[in-house]
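These notes are about the structure you will find just below.
The values are calculated or read from the model by the stated rules, or taken from the named source; none is laboratory data. None of the values given here were measured: they were computed from a predicted structure. Using ideal geometry, Cβ is built from the backbone for each residue, glycine included, and neighbour counts are taken over all protein chains shown. Accessible surface areas use protein heavy atoms only, side chains included; no ligands, DNA or RNA. Shrake-Rupley method; radii C 1.70, N 1.55, O 1.52, S 1.80 Å.
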Amino acid sequence: MPITPEQLAVHRLTRDEYDLIVKILKRDPNITELGIFSVMWSEHCSYKSSKRHLRKLPTESKHVLVGPGENAGIIDIGDGWAIAFKIESHNHPSFIEPFQGAATGVGGILRDIFTMGARPIAVMDAIRFGPPDDPANGARNRRILEGVVSGIAHYGNCFGVPTVGGECVFDPSYSGNPLVNVFALGVFKHDEVFYGRATGIGNPVIYVGAKTGRDGIHGASMASAEFDEESDAKRPNVQVGDPFMEKLLLEACLEAMKTGAIVGIQDMGAAGLTCSTCEMGSRAGTGIEFDLMHVPQRETGMTPYEIMLSESQERMLLVAEKGRENEVFAVFKKWGLDAVTIGEVTGDGILRVKDHGAIVAEIPNRELADEAPIYDRPHNASPYRPYPVEGPESIASGDLTADLYKLMSSPDLCSKRWVWEQYDYMVRTNTVLGPGGDAAIVRIKETGHSVAMVLDGNGRYCVLDPFEGAKLMVAECCRNLSTVGATPVAATNNLNFGNPERPEIMRQLVLGIEGLGEACRFFETPITGGNVSLYNETLGEPIHPTPVLGIVGLMETAAPVSPTFKTAGREVILLGGLRLEGCDKSRFGGSQYANTVLGKQWGLPPKLDMDYEKRVHTAIREIVTNGLAESAHDLSDGGLAVAIAECSFGANGIGARIAIGSDMEPVMLLYHEAPSRVLISTANADAVKAIAAKHGVEAPSIGQTIADTIELSTGGQVRVRTESRALRDAWENALPALMKTR
């Protein structure tokens with residue numbers, strides 16, 4: 001029976017794509033084959049709009065052992081040890097069903113890590129929502145936030161992996177499309193690496209883990225479409241996770257790998273059994289033949305179409321050495337999990353799917369997995385820009401103390417303790433520095449090394465200039481790592497954008513990738529893999545362009561330097577200087593002050609000098625590793641005033657008296673967000689300044705730490721004065737109060 005236009009539309013395939021399928025098969029596909037092509041050629045799986053531009057990213061360095069193309073990137077950390085890490089999105093499922101959408105996002109990224117042979121030791125999350133106090137959408141935004149945080153906590157806590165940090169951002173552009181990006185990192189030895197390849201003709205293909213159900217069918221296709229009025233009807237496309245079973249699956253897989261009987265392994269993530277079979281075959285240049293009658297199923301009457309497209313969680317596909325299947329079965333039986341041979345590796349390069357012996361799909365693996373159309377979508381329009389170039393005539397405020405309270409109580413800048421206190425961030429006892437620092441740090445117990453990691457994005461900057469915004473994001477991630485004493489070495493990225501079929505949105509994506517590539521190349525942090533999430537918009541309203549970057553850094557294990565002031569009477573130094581050049585009103589419109597206090601955005605992001613930024617990184621690492629910083633905190637959202645406030649929120653209530661001798665407008669001095677700056681308190685200012693001078697970096701003394709008070713002066717006048725504990729109370733209580741709003 002020929003495929004109808006209506007069936008093509010349901011499967012989100014164009015007529016040209018269908019014609020290419022016919023050319024590959026040399027016949028019309030049946031409905032099961034159409035479904036298989038639809039998920040593998042979806043934007044979510046094939047990257048058909050972005051792949052051409054992703055090639056611009058740097059992917060190699062002396063540290064990189066495995067780059068893009070596998071389930072996770074791998075870098076060498078020395079002494080025969082390596083780490084695997086990656087980031088993935090679960091944006092669309094988390095809008096439709098927040099708890100399960102976020103929970104299965106965690107489960108999926110954990111499987112990406114342990115399918116490489118690594119034991120997961122850390123998770124981070126970058127989550128974005130509409131404002132919880134939005135008059136029109138606040139109730140829904142709060143419901144989604146609660147569900148997402150609960151889902152992340154549930155899966156990570158039950159599985160037994162610490163959620164050590166991340167970010168939580170609010171903006172109206174995410175009201176109709178929240179973002180849930182999850183990063184995971186695991187550790188192993190060089191000789192324990194496994195790959196997702198179906199090698200060895202005649203080797204058995206083994207299905208392990210949970211049984212297959214109808215949840216998640218068309219999940220990859222759903223993630224490749226914008227939301228509309230019927231999005232709630234897509235709830236059946238959201239998978240249901242079981243973290244306790246995943247824990248068993250982890251232990252069973254790692255134990256089975258040690259038998260030496262496994263030659264290839266891949267998780268069944270997006271597109272489920274379809275993706276794992278065809279990708280493993282394509283990477284190895286082989287075929288896979290299997291019979292669906294052997295696939296463990298938890299529902300009766302499932303069709304071949306449903307089994308192949310199901311995205312049920314906690315499932316893996318293994319290829320074992322022929323004759324050693326029983327070694328694998330014994331391990332999985334011990335852990336109480338299904339393990340059954342469903343087929344074998346063949347030499348013809350064909351994905352051949354049978355149902356009780358009858359062939360129901362027969363498709364060349366390479367063409368299915370790697371030959372989806374690659375589009376050069378139009379991107380010569382001006383990027384979508386909802387904000388004006390020119391700002392208001394005046395940015396002056398009558399009460400800068402009140403402004404600081406407003407900023408510190410805003411959803412973006414307030415304490416996220418309400419979020420991270422739901423996570424177990426100390427499980428496995430590797431966590432050296434958890435939520436609340438500039439970067440998270442976990443130690444590798446078997447070595448003298450630690451790994452620092454940070455997750456960051458900035459839609460406010462990228463909507464004004466995607467190219468410069470992406471560069472600033474890379475700089476901030478590397479600065480955060482350097483501030484805790486780590487050397488940035490590699491990155492993984494999650495590109496969250498709107499509909500690429502709109503040239504103005506595609507232009508944002510291209511510029512974002514190019515900015516990311518330029519900065520990652522300069523800061524020597526190659527991209528080892530990642531995720532592209534497009535069609536993030538509802539009823540034609542796109543999210544801010546939001547690339548999110550996870551960067552890892554290496555360091556010797558040591559007591560961490562945290563942001564908070566420790567002792568009164570210490571000198572406060574602004575490493576990098578005030579950075580007044582390029583901080584005119586046109587570059588103030590992306591700041592938190594403009595967004596929160598003035599309620600406006602305009603102009604351009606702050607100006608970045610990458611060479612100077614890199615010298616600041618080198619200087620702060622040397623200062624920290626030499627034990628010269630009692631506290632250290634980078635300046636980012638909210639500028640100097642917010643950084644001083646955050647440094648004053650320690651349990652001892654130590655604040656600071658700051659005096660800046662400049663006649664620049666006080667609002668600009670205190671709240672501009674120029675990069676390349678780190679706030680330090682020290683008992684040895686001379687040594688700090690000597691290191692800064694050696695690297696050609698400014699390091700002016702701007703004040704001293706004092707007890708119980710924050711006092712900020714410019715031009716000889718006190719502009720902000722408050723008790724540090726009172727401001728901390730406002731900061732800590734803001735989000736819980738917002739979440740109680742009804």
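The table below gives the values:
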{"read-out": "Inter-label distance, nm, simple model (7 Å from Cα along the C-beta direction), residue 356/residue 626", "value": "7.8 nm"}
{"read-out": "Net lengthening on full extension, residue 707/residue 190 (0.36 nm per residue, minus Cα-Cα)", "value": "181.1 nm"}
{"read-out": "Nearest-ten-degree value, helix 466-483 long axis tilted from longest Cα axis of the chain", "value": "70 degrees"}
{"read-out": "Cross-link partners of residue 258 among aspartates and glutamates (Cα-Cα below 12 Å; sequence separation of 8 or more within a chain)", "value": "191, 192, 327"}
{"read-out": "Between the range 171-213 and the range 360-374, the Cα center-to-center distance that results, in Å", "value": "20 Å"}
{"read-out": "Cut-off under 5 Å, modelled amide H: who pairs with residue 122 long-range", "value": "185"}
{"read-out": "Shape parameters for the range 102-217, alpha-carbon atoms, Rg then Dmax in Å", "value": "18.0, 62"}
{"read-out": "Neighbourhood charge, 15 Å Cβ-Cβ cut-off, centred on residue 298 and excluding it, Lys, Arg +1 and Asp, Glu -1", "value": "-4"}
{"read-out": "Along principal axes, Cα extents of the range 337-486, largest first, whole Å", "value": "79, 52, 28"}
{"read-out": "Distant alpha-carbon pairs in the range 500-643 (separation over 27 angstrom), percent", "value": "40 percent"}
{"read-out": "P(r), alpha carbons of the range 1-97 - 5 Å bins starting at zero, rounded %", "value": "2, 10, 15, 16, 12, 13, 12, 9, 6, 3, 1, 0, 0"}
{"read-out": "C-alpha long axis of helix 98-114 to longest principal axis of the chain, angle in °", "value": "80 degrees"}
{"read-out": "Cβ-based net charge around residue 377, under 12 Å, with every Lys or Arg adding one and every Asp or Glu removing one", "value": "+1"}
{"read-out": "Pairs of Cα atoms farther than 36 Å apart, the chain, %", "value": "41 percent"}
{"read-out": "Solvent-free Debye scattering, log10 I(q)/I(0), computed from the Cα coordinates of the range 99-168 at q = 0.24 Å⁻¹", "value": "-1.03"}
{"read-out": "Rounded to 5, the percent of DSSP beta bridges in the range 396-535 classed as antiparallel", "value": "55 percent"}
{"read-out": "Two-decimal log10 I(q)/I(0) for the range 366-445, as the Debye equation yields it once each C-alpha is a single scatterer, q = 0.11, 0.14 Å⁻¹", "value": "-0.80, -0.88"}
{"read-out": "Solvent-accessible area of residue 416 with every protein chain in place, 1.4 Å probe, in Å² to the nearest 10", "value": "30 Å²"}
{"read-out": "Given charges at Cβ of Lys, Arg, Asp, Glu: the chain dipole, positive-most of 693, 503, 116", "value": "693"}
{"read-out": "Under 15 Å, Cβ to Cβ, from residue 591 - net charge with Lys/Arg +1 and Asp/Glu -1", "value": "-2"}
{"read-out": "Cα-centre dipole for the chain with unit charges at Cβ (Lys and Arg positive, Asp and Glu negative), debye to 20", "value": "820 debye"}
{"read-out": "Between helix 685-694 and the chain: long-axis angle, C-alpha atoms, 0 to 90°, nearest 10", "value": "60 degrees"}
{"read-out": "Too-long pairs where the Cα-Cα distance tops 23 Å, listed order kept, from 56/86; 247/333; 416/607; 189/247; 416/614", "value": "416/607; 416/614"}
{"read-out": "The range 1-75 and the range 510-578: distance between their alpha carbon centers, rounded to Å", "value": "30 Å"}
{"read-out": "Evaluated over the range 632-689, the Cα radius of gyration and Dmax, each in Å", "value": "12.2, 34"}
{"read-out": "Value at 222 nm in deg cm²/dmol, rounded to 500, when DSSP H runs of n ≥ 4 in the chain each add -39,500 (n - 2.57)", "value": "-10000 deg cm²/dmol"}
{"read-out": "For the chain, with +1 on Lys and Arg beta carbons and -1 on Asp and Glu, the positive-most of 274, 560, 360 along the dipole", "value": "560"}
{"read-out": "Estimated translational D of the range 459-514 in µm²/s (Stokes, Kirkwood radius over Cα pairs; 37 °C; 0.692 mPa s)", "value": "266 µm²/s"}
{"read-out": "Contour minus Cα-Cα distance for residue 524 and residue 294 (0.36 nm per residue)", "value": "78.0 nm"}
{"read-out": "Value in Å of the Kirkwood radius, where the range 312-387 supplies the Cα pairs that are averaged", "value": "17.1 Å"}
{"read-out": "Range of Cα positions in the range 615-742 per principal axis (Å), largest first", "value": "55, 34, 26"}
{"read-out": "Viscosity 0.692 mPa s, 37 °C: Kirkwood-radius Stokes-Einstein D of the range 566-624 over Cα pairs, µm²/s", "value": "236 µm²/s"}
